[in-house]
Structures are given as C-alpha cells and as structure tokens.
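Right, one structure below, let's go through it.
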Amino acid sequence: MKTALITGANKGIGRDVARQLAGKGFHVFVGARNAKAGHKAAEEIAKDGGKATFLKIDVANSDSVRTAAGGFSNVADHLDVLVNNAGIIVDGDGAILEISDDVLRKTLETNTLGALRVTRAFAPLLRKSKAPRVINVSSGGGQLTGGADGWAPAYCISKTALNGVTVQLAAALPKFAVNSVCPGWVRTDMGGRNATRSVQEGADTIVWLASEAPQELTGKFLRDRNEISW
Ligand SMILES: NC(=O)c1ccc[n+]([C@@H]2O[C@H](COP(=O)([O-])OP(=O)(O)OC[C@H]3O[C@@H](n4cnc5c(N)ncnc54)[C@H](OP(=O)(O)O)[C@@H]3O)[C@@H](O)[C@H]2O)c1
C-alpha cells in the first residue's frame, strides 16, 4: 500500500489533500501538532473508508520531527509521498521595514526550515519507496517574477526561500520528484472567506503531483498542474 504523510493535515488544504489521497487508496498519515484536531481529521477519513493514521508532528520543533519519524517507522516501512503543507502567517507581518526579526524568524522556522527538516528526517523512509515524491506547498506570494506588492513580506520571503529548498532538494535527490506548488487563493483559515478557490481546488495540483504526475517532473514550481515561473 502506498503511504503519504501530510503535515498540517488537521484542517484546510492539508486535510483535503489527506482525504483525497485516502480516496485514491493511500495509507495517509495525518500530520498535526494538535493531537485532538489531528485524531479527529484521521477519524473522519477512516469513517469514509480510508486508511488514516494520526502522526503528531510540529514542523518547527526538531525533537518533534525526529520523534514523528520514529513513530512513523513503527507503523510503516517506507514513505512514498511527503507533502510539506504546514504553514503560517504570523501576526505583525506588516511592512518590510517594520517587521521584527522575531516575526521573520518564526515564519522561516515553520514555512522554510520546517519543510527541509521534515524532508531530512523522512529521507531514509522516502528512499525505501520505488518512486519517492516530495511536494512543498508554496505560494505565488513567493514568486520573484513580477516583483512584490508589499503584502506579508515575511511570509512571501519564506515561500521564496522554500522554492530554493525545492530546487536544492531536487538536485540532491535525483531519484525523487521534488516540486513546489501554489494552491491559488483558497478558502481556509489562512486564505479567508473571500478567497476564490475551494479546498478541493486548492488541493488538486498537490494530489496530482502525489499520485499521477510523471516521476521525471522535478525541481519545478506549479499551479493548476502547469509549470509557473519562480
Ligand atoms: N489558503 C491560501 O489561500 C493559500 C495560498 C497559498 C499558499 N497556501 C499554503 O497552503 C498551506 C496550507 O494552508 P491553509 O490555507 O490550509 O492554512 P490553514 O487552514 O491555516 O492550515 C495550516 C495548517 O498548518 C498547520 N501548522 C502551522 N504551523 C505548524 C507547525 N509548526 N507544525 C505542524 N503544523 C503546523 C496548522 O496547524 P494548527 O491547526 O495547529 O495551527 C494547520 O493544520 C500553507 O503552507 C500555506 O502557506 C495557502
């Protein structure tokens, strides 16, 4: 059975990615830092007939990530798909000349280092897959093409750097497919009610990369199943 770990899968885009992958026959590991919410999301998938296991993981905490990799290997012997979905926008992410070092550090710790740290910890399990895939959930806000518009600079910088992590991992792991995805503007706690896309639409390219995209597609930034510029 194929396995997938999705971080931040207790709500929003991550939860829908987990739900859709379970529907495609994956054993999904619902990664969440909040045990109650993570268990609930895993139970909902199981109720619909999917195979789901809650895995406690705080991507901003090295010990938690290490413990999660150990816990995972007690249940499964390989990982086929890692979706680095967990992400934050920190309060105070206002204007580039006014954001504190602390806001920038906290944002990078989760959105950028978090993805790298989880990939590093799970790389030995991914190497046991026949076709390992890593999907980093990034954002058009991190795109350098076209310049910035001043919105949430710490968040946008963290996603630009996450895209850097993607190309570095793709170079270091030639047998893996490693890609960044912009889900579009999605109706979640982060995206807000006025966003233009449903969680299903936001999850679509992530699910496609996890299950159907060619394994040779790597080191790219995608939206709507198509490559976009960095
Ligand atoms: N929504 C959009 O319009 C949009 C657009 C572009 C990109 N994205 C990206 O899509 C991804 C998912 O966002 P979303 O819209 O679904 O947001 P969301 O509803 O706010 O969900 C974010 C998820 O990340 C988790 N998380 C945050 N920090 C974590 C940590 N240190 N360890 C583990 N989990 C952590 C949250 O857990 P808690 O419940 O415990 O907080 C939650 O499950 C993010 O990477 C985001 O940057 C979203």
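The values are calculated or read from the model by the stated rules, or taken from the named source; none is laboratory data. Just so we're clear, the structure is a prediction, and the values are computed from it rather than from any experiment. Using ideal geometry, Cβ is built from the backbone for each residue, glycine included, and neighbour counts are taken over all protein chains shown. For the accessible areas, the whole protein counts, side chains as well, though only heavy atoms, and no ligand, DNA or RNA atoms are used. Shrake-Rupley method; radii C 1.70, N 1.55, O 1.52, S 1.80 Å.
The residues in region 25-66 that are assigned to a strand (DSSP E or B) and near the ligand (Cβ under 10 Å from one of its atoms) can be counted, and the count is 4. Among the residues of region 113-172, the one identified as among the aromatic types (F, W, Y) and exposed (fewer than 14 other Cβ atoms within 10 Å of the Cβ) is W151. When restricted to residues that are assigned to a loop (DSSP other than H, G, I, E, B) and without any contact (Cβ under 8 Å) to a residue 12 or more places away in the chain, region 95-114 contains 3. Among the residues of region 182-191, at least one is buried (at least 17 other Cβ atoms within 10 Å of the Cβ), modelled with pLDDT of 95 or more, at negative phi and assigned to a strand (DSSP E or B). Considering only residues that are away from the ligand (no atom under 11 Å from the Cβ), open to solvent by 40 Å² or more (accessible area, probe 1.4 Å) and either among the charged types (D, E, K, R) or assigned to a strand (DSSP E or B) (or both), which ones fall in region 194-230? Answer for region 194-230, where residues must be away from the ligand (no atom under 11 Å from the Cβ), open to solvent by 40 Å² or more (accessible area, probe 1.4 Å) and either among the charged types (D, E, K, R) or assigned to a strand (DSSP E or B) (or both): D204, E212, E216, K220, D224, R225, N226, E227. In region 189-204, the residues that are of a type outside the set (S, T, N, Q) form Cβ pairs under 8 Å with partners that are part of a helix (DSSP H, G or I) and more than 10 Å from the ligand (Cβ to nearest atom), at six or more places apart or across chains, as follows: A203/Q20.
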